[in-house]
Structure formats: structure tokens, C-alpha cells
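The values are calculated or read from the model by the stated rules, or taken from the named source; none is laboratory data. Values in this document were obtained by computation on a predicted structure and should not be read as measured data. Neighbour counts run over all protein chains shown; Cβ positions are idealised from the backbone, glycine included.
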Amino acid sequence: RTASLYLGALERNDEVETVAVDGQTGAAEGNVDVILDFGHHVVAQTGWPSVPVICCLHGTAARGGEAYASRWSELRPQDTLIVNCRADLSVLQAFPPGPRVAVLPLAVDGTRFGVGGSRHKRPERSVVRAGFVGRLLPQRNLHRAIDAVRTLNAQGHHIEFDVVGPPCSYRYLDWYDSQAYMQFLAQQADAPELRGRVRFYGSIDNDAELRDAYESWDFLIHPSTVVDENFGYVPVEAALCGTATVGTRWGGLRDWLHRSRGRSVPCWSTRSGVRFSQRELVRAIRSCSRGEASELGESARSFALRNYGVAAFDENLGAIIREAVLPPTPQSSHASLPSTIEGNSVRDLISVSPQWDALYAHLEAYGSHRMELRDTGDIQLDLPFMSEVRGSGIECRDPAWQFSANLASATTALFHRLARAPVGLAEATELIRKAPEDSCPSSILRDLLAAGVLVPEASALPGERLTDI
């Protein structure tokens, strides 16, 4: 799909003549001015072409650059790396000076989604209808969306939830079994508060049917923390159909999921995985009432038409190609490559398994907030989703980010209190202060958050680092 988007843009650009290049040898049919490498072919070769190369990363930046990191010293100022969101740009800005980096948002064909007049008018009904679209891998957090809908129905709200998408394995985080995950989702949907209200439709390959689904929903729920969520076609498709999104401020979603176009949940990266508050997700879905969702959907549609159409993509890609053949701007000399985040006292205080340090250094740029606490009064602290305190440790069974942790004795009283209900910051501080050990509550709380074993309210986090477009 994305390859077709690029090929279509090249075919529609009268200033560009496209020729084939051998993916194994790099040999072109005739002389070329620049090579556009969509499939990471050039970086897999032993040599490097003499002409400028434009490499399309598409999620590779979030995974630490992969092969590009190992060959960074060979990338030249006349080469260009294309990324699809500002989070990827932040990742690459931590690398030494080298190639150009261009942010190129992908596009959705407006002739297939939401073409024509104003937002489709939904039928009058007594229930709210929400939807989910995507491959059913745990990091899309469908299980957390279902749990949030269950919570709201238990509180007296009337929400139906349609799920569109196939089971899927994910090669970058492969500890789960896709069949077992589907069984877990089915068990969730069978809860008394949800029976008959969660419907699984499998894949919908027909664009017209998918458009009808988007238009039938009051809003889309998209709480993704996929490690390379560098764009996200689904929320843009929904927006073109006039449907607002409730989702996470993660990766490419941060570039456009603004409060005027939907509802979003802050998230951040920790040593034991990506975190966001389940309570915040419930609040976001609750706040997206039908009347409010309609206004948000119209705003999202206008924004998507302006910024994520095929014409804008064609123009932006053409500009990147033209710039690639111009003389590069002089840059400063290379520095050493970044590796992983610097160690701190959290390693001595809390033992977490598995550790996500290899991903952490790059994924921090994907989150909306830093893993820090700020003094905002008696904020509430909670355990991660699906976590259980056992003796001096925590076991998290969340299919998306499973982990276990052994805790220092200074935190035992705090976590046994958290096992019953969320705890205010003042009470948490006092519980740590009363521990027999000579401990510093603020330092310990900061380390617990960095390890991912505490989840604070959004109001406790520093403000977003990137401004709205």
C-alpha cells in the first residue's frame, strides 16, 4: 500500500523520470541523478552508490535505525532519510550529523474514504457505537479498549464496540501466541457487561465496506503503543469519514491527535515497556459523547483533507527528490553514536525482567511525556494494567507489555497498599518514609516510575514536548 503511494507519486510527477534499479547490485538502467530506495536495498549492499540516495525508513528509526545505525558513517550529507513523523525525526536527531532527514507524512486517498460533502449523518439510536480497526496484535491494546468499554457499561453507559481486523504476529515483540490472544479477547467480550455488545468482524478488504463501518461509528478507539507506529493509516481514514479518534499520544499519532480533533491519552516509555493510564483511557472515551464526537469528527476531517491527501504527498515527495540533487549544506564533524540510556539507581532498586533498554533509548521520543513526576498536589498513583503484587514483587500479565519485578523492601508497604486501590502521592511518600531503611521518597518514586511499575495521573507528568501542527 505504501509502496503504491510512492509509485503513484512518481508516475504523476512530470519532472521525474523513473527507471528500475537492481535491488542486489544497485545497477540502474542508464544514468540516474538520485536513487529512491523504498526497501532498504542500498543499506544491505557492501558498497554505496556514487549518486545521492533517498532511503525510506518507515518505522526503522523507532527500532534504533537497525542497519542504518551500523553504516551511519557511510551516509553522506547528499543522502536523505525519509521518516513519516516528528517522533522519528527526534530519534534521528540524537545521531551524529550526517544525511539530510525529511519528514514526509503518508497519505490516504480521499476518493476512497470520505469523498464528497459533509460528514455522514449517523442514525438516531439510544446507544453509542465505537469501533476499532487494525491487526490484532497486543501492542494495539484492543484488550485495554475492551476493558475500558466494559468499565463504562458497568457504570451505566451504553456502548457497543465493533472490532475489524485479523489475528497477527509481530516479529519485533514475539513472546505472545496470536491464537491465545484471540481467546483472551473472546473471554473479555463475554463479560456480563459486554455480552452481545462486542462484535468481531475479521478483515474488511473492501474500501466501501470499511468506509461504511467508519461512518457508522460515533468514534474510533485506537490506543496503540506499537513500537514503530510512525504514521497510522486507520485514524486518518476515520477522520476522512468524519469520525473522531480516542487514542494514545504515541509516535505518529502525536502529530495530529489534538484535543480539537479527538481525545488522547498521554503515554511514555519505561524500562519494562510503554505505559499509559487505564483510568485516563476510560475518561477519554467517556468524554467523547455523541454530540462532542460529531464536532470533533468534522474538525478531524477538515485537518486530514488539508494535510494527508495524495496531492500534498506528491508535492512533498517531489520537493525531497529535487532537493536531493542540490549541493548539500556543510555540516559539523561526526560524533560517537548513541547506544542506550545511561544507567541510574533504578537498576539497583528494582530488578525488572524482561528489560526494554535496547528499545527505551529510541522509544522515549515516541511518547508524549517524559517519565518524571511534578508536584501537582495529591495526585493518584496506580499499578500498571493487569498487574498483581505478590510478596516483594509484581507480576504484570498485560499481553502487550508483560514483565515481572522484584522490589526493594522500602517499597513493600506502598505496593501492598496499591494492590487494594490507587494511592495519593502524599500517602505514597509517607509509606516510603516509614520504611526501616534510610530512604529518600522522591528518589524512590522517580525510580519506580522509570522502571514502569507505577502509573501516575496525566496531570503529574511534564507538558508535551512537541506543539500541535
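General remarks:
Table: residues versus (1) touching a Ser or Thr at 6+ places or on another chain (Cβ under 8 Å); (2) surrounded by fewer than 17 Cβ atoms within 10 Å (Cβ to Cβ); (3) at pLDDT 90 or above; (4) not β-branched (Val, Ile, Thr).
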residue	(1), (2), (3), (4)
Ala300	yes, no, yes, yes
Arg306	no, yes, no, yes
Phe313	no, no, yes, yes
Ile321	no, no, yes, no
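- Residues that are within 18 Å of Pro456 (Cα to Cα), touching a residue at least 24 places away in the same chain (Cβ under 8 Å) and outside any strand (DSSP E or B) do not occur anywhere in segment 254-263.
- Filtered residue count, segment 269-283, keeping only those that are outside any helix (DSSP H, G or I) and modelled with pLDDT of 90 or more: 4
- Residue within segment 82-96 that is crowded, with 18+ Cβ neighbours inside 10 Å, modelled with pLDDT of 90 or more, in contact with a Cys (Cβ under 8 Å, 6 or more places away or on another chain) and over 23 Å from His222 (Cα atoms) present: yes
- Taken together, Gly165, Gly196 contain a single residue that is within 24 Å of Val234 (Cα to Cα) and out of contact with any helix residue (DSSP H, G or I) (no Cβ under 6 Å at 6 or more places or on another chain), which is Gly165.
- The listed residues are Val34, Val53, and the only one of them that is in contact with a Pro (Cβ under 7 Å, 6 or more places away or on another chain), over 23 Å from Tyr308 (Cβ atoms) and buried (at least 17 other Cβ atoms within 10 Å of the Cβ) turns out to be Val34.
- For segment 325-374, residues that are modelled with pLDDT of 50 or more, farther than 24 Å from Gly252 by Cα and out of contact with any Phe, Trp or Tyr (no Cβ under 7 Å at 6 or more places or on another chain) total 13.
- Any hit, segment 441-451, residues being more than 26 Å from Gly367 (Cβ to Cβ) and surrounded by fewer than 16 Cβ atoms within 10 Å (Cβ to Cβ): no
- Residues that are modelled with pLDDT under 90 and either among the basic types (Lys, Arg) or under 19 Å from Trp256 (Cβ atoms) (or both) within segment 45-81 comprise His58, Gly59, Ala61, Ala62, Arg63, Arg71, listed in sequence order.
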